[in-house]
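Structure first, then comments.
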Amino acid sequence: NDSVTYAVGAGIMSGYSNGKFGTSDSIKRQDFLVMLARLDGVNLDDYKYKSRFPDVARGSYYEAAVNWGAENGIVTGYQNGEFGVGDKVTREQLVTFLYRYAKYKGYDSGYSSNRENIVSRQYKDYKNVSGFSKEPILWAIEKGVISGKSPTTIAPQGNAQRCEVAQIMFNIFLNDIFSIKLVASFE
């Protein structure tokens, strides 16, 4: 699979110690932040021991990546103040993290004004997308980050599988999503 080959070759994802990739396994929230930090290439040394989330274990393999995400507005955590370590990342959460990452880096995070009409007609479950994720979903569909779980569904609260995340990372690469910087405009 080209997407898995890309994600592993680019150092964003890795397989298990048993040599398998685990394509249908769900990804946990903290693991997606580790992957996003790898995609970014950020030096995480500056983000150790700074967690504002009580459920992010000091010295854990994901601590610095989650802290990096929090410090740069990529993740905000749950209303109860926790990050959600151990929770499977939903498709809409994952897209929201990517959208916030695009904004943090100054990449194009816009989408056309009629995108919501198009998406709501094509995807029968668009109405189930949480409020926090509507803009990120519209952006991700327009830019080609995602194309839906099926031709007519987004499955926003569905768990993101490893194969889907590999495909998303490959789509970002193929569509050059994280290379077009916005130029500040003055009116």
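The values are calculated or read from the model by the stated rules, or taken from the named source; none is laboratory data. Everything numeric here is computed off the predicted structure, so don't read it as measured data. As a convention, Cβ positions derive from the backbone with ideal geometry for all residues, glycine included, and neighbour counts pool all protein chains shown. Side chains included, ligands, DNA and RNA excluded: accessible areas come from the protein's heavy atoms. Shrake-Rupley method; radii C 1.70, N 1.55, O 1.52, S 1.80 Å.
When the Gaussian network model of the chain links Cα atoms closer than 10 Å, the mean-square fluctuations of Ile177, Ile118, Ile141 top out at Ile118. Per the 1.4 Å probe, what fraction of the accessible area of the chain, in percent, lies on carbon and sulfur atoms? Carbon and sulfur: 48 percent of the exposed surface of the chain. Distance from the alpha carbon centroid of region 38-54 to that of region 89-134 works out to 25 angstrom.
Can you work out the accessible area per residue across region 107-187, with the rest of the protein chains kept in place, probe 1.4 Å, in square angstrom?
55
A straight chain from Lys48 to Lys124 at 0.36 nm per residue would run longer than the Cα-Cα distance by 23.1 nm. Peptide packing for 144-155, 40-51 was compared via the average number of neighbouring C-beta atoms within 10 Å per residue; ordered from the highest value, the list is 144-155, 40-51.
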